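The values are calculated or read from the model by the stated rules, or taken from the named source; none is laboratory data. Not measured: the values here are computed from a predicted model. Virtual Cβ from ideal backbone geometry, glycine too; neighbours counted across all protein chains shown.
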Amino acid sequence: MPLTATQGDMERDAPFYQPVGHECDLFERAFRQRLPLLLKGPTGCGKTRFVSHMAARLGRPLFTVSCHDDLTAADLTGRYLLQGGETRWVDGPLTRAVREGGICYLDEVVEARKDVTVVLHPLTDDRRLLPLERTGELLQAPDGFMLVVSYNPGYQHILKSLKPSTRQRFVAMTFNFPPPELERDIVARESGLSREKCAALVNLAIRLREMKGQDLEEGVSTRLLVYCATLIATGMPILEATRATLVEPLTDDEDVQQGLLEAINATF
Ligand code: ADP
């Protein structure tokens, strides 16, 4: 994108995101007021797409980190690495976002090690500071910097949930699966499958989501529906595509699989 990109260019080039409510407005207000944002919601319901869409719309570079249980503060801030016989400091994604005035998105932040919250705290209050102990720097986040984190409250981690002292530092919003007509349009646009066929898949997903809780930890995500529609659009028979995308990824339990297949057979 040329440096002179206009707001119109940026919106046009932003990855497709179908708003479901007022989330774009809230994101933009939080960004302009330099407030950090917490997105809650199940996997595959559009959180990552939303953040990349908003980063492009606001013209900010995006640094996305998928957090996992080995992720430490140093993975985010940076570390000294041996390069060509020399030891050099290499910024981690959080430090880069602070230096460059970008958006840092920490997906599934509760998975990360505890020491990560220690770096996030001074960044999420009005000081907006990132201390780099190893280099002795104290970085002041510029206006373009924004911290966005997400987590899935549905995972019911007993040990892993966001402490109130951390979550109360964020403006927060809940994501859920889009209403049926919007989800149909999203799946059709992403897969190229007709809206009629996508509507049938969304109806099926609603039925399968009702089985969540009884036997399933998570309901069918929009992402899996997009996969399913994409395979069907290549000419794959519907029952094969649904098994591969809406049954196998959800459970290993044969009885539960059978229940899902019965619901699918009743639909198609
Ligand atoms: P999450 O980050 O919540 O796990 P993603 O943002 O990766 O989920 O969404 C998974 C996929 O679902 C996306 O790649 C996109 O194809 C589709 N999707 C879900 N919601 C939307 C939406 N509102 N607009 C556009 N695409 C969406």
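Okay, residues lined up against (1) more than 16 Å from the chain's Cα centre (by Cα); (2) at pLDDT 95 or above; (3) of a type in the set (S, T, N, Q):
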{"residue": "TYR17", "(1), (2), (3)": "no, yes, no"}
{"residue": "VAL20", "(1), (2), (3)": "no, yes, no"}
{"residue": "CYS24", "(1), (2), (3)": "no, yes, no"}
{"residue": "PHE27", "(1), (2), (3)": "no, yes, no"}
{"residue": "ARG32", "(1), (2), (3)": "yes, yes, no"}
{"residue": "GLY41", "(1), (2), (3)": "no, no, no"}
{"residue": "GLY46", "(1), (2), (3)": "no, yes, no"}
{"residue": "VAL51", "(1), (2), (3)": "no, yes, no"}
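Would you be able to say whether some residue in the range 206-223 is crowded, with 18+ Cβ neighbours inside 10 Å and farther than 22 Å from PRO153 by Cα? Checked the range 206-223: no residue is crowded, with 18+ Cβ neighbours inside 10 Å and farther than 22 Å from PRO153 by Cα.
Looking at the structure I just gave you, is THR77 away from the ligand (no atom under 14 Å from the Cβ), over 13 Å from the mean Cα position of the chain (by Cα) and either at positive phi or at pLDDT 95 or above (or both)? In short, yes.
Could you tell me which residue of the range 222-243 is nearest to THR267 (Cα to Cα), considering only residues that are among the small types (Gly, Ala, Ser) and away from the ligand (no atom under 12 Å from the Cβ)? Show your work before the answer.
Within the range 222-243, the subset among the small types (Gly, Ala, Ser) is 229, 233, 235, 241.
Checking the rest, the ones that are also away from the ligand (no atom under 12 Å from the Cβ) come to 233, 235, 241.
Numbers: ALA233: 18, GLY235: 19, ALA241: 14 Å.
Restricting to residues being among the small types (Gly, Ala, Ser) and away from the ligand (no atom under 12 Å from the Cβ), the top hit is ALA241.
For the subset of the range 14-26 comprising residues that are touching a residue at least 40 places away in the same chain (Cβ under 8 Å) and surrounded by 13 or more Cβ atoms within 10 Å (Cβ to Cβ), which member is farthest from the ligand (Cβ to nearest atom)? Please lay out each step first, then the result.
If we filter the range 14-26 for residues that are touching a residue at least 40 places away in the same chain (Cβ under 8 Å), which is where we start, we get 14-16, 18, 20, 23, 26.
Next, from what is left, pick out any that are surrounded by 13 or more Cβ atoms within 10 Å (Cβ to Cβ): 14-15, 18, 20, 23, 26.
Working: ALA14: 11, PRO15: 8, GLN18: 4, VAL20: 6, GLU23: 9, LEU26: 14 Å.
Checked the range 14-26; the qualifying residue farthest from the ligand (Cβ to nearest atom) is LEU26.
The number of residues in the range 217-256 being over 16 Å from SER194 (Cβ atoms) and in contact with a Ser or Thr (Cβ under 6 Å, 6 or more places away or on another chain) comes to 3. Take the conditions (1) surrounded by fewer than 20 Cβ atoms within 10 Å (Cβ to Cβ); (2) within 16 Å of the ligand (Cβ to nearest atom); MET54 misses just one of them, which is (1).
Select from the range 161-189 the residues that are among the β-branched types (Val, Ile, Thr) and modelled with pLDDT of 95 or more and list them in ascending order. Spell out how you get there, then give the answer.
Here is the first cut: in the range 161-189, the residues among the β-branched types (Val, Ile, Thr) are 166, 171, 174, 186-187.
The answer is VAL171, THR174, ILE186, VAL187.
Of the residues VAL226, VAL256, which is in contact with a Leu (Cβ under 8 Å, 6 or more places away or on another chain), surrounded by 15 or more Cβ atoms within 10 Å (Cβ to Cβ) and among the β-branched types (Val, Ile, Thr)?
Working: VAL226 fails: in contact with a Leu (Cβ under 8 Å, 6 or more places away or on another chain).
One residue alone meets the criteria, VAL256.
Of the numbered conditions (1) part of a helix (DSSP H, G or I); (2) small (Gly, Ala, Ser); (3) within 16 Å of the ligand (Cβ to nearest atom), GLY219 fails exactly one; give the number of that condition. With (1) part of a helix (DSSP H, G or I); (2) small (Gly, Ala, Ser); (3) within 16 Å of the ligand (Cβ to nearest atom) applied to GLY219, the lone miss is (1).
The helices (runs of 4 or more DSSP H) found entirely in the range 7-90 that carry 1 or more residues being hydroxyl-bearing (Ser, Thr, Tyr), under 30 Å from THR135 (Cβ atoms) and in the same structural domain as SER161 (by the TED database) are 47-58, 73-77. For first residues located in the range 233-248 and of a type in the set (D, E, K, R), partners that are in a helix (DSSP H, G or I) and lie 6+ apart or on another chain with Cβ distances below 8 Å form the pairs GLU240/LEU231; ARG243/LEU261; ARG243/ILE264; GLU248/GLN257.
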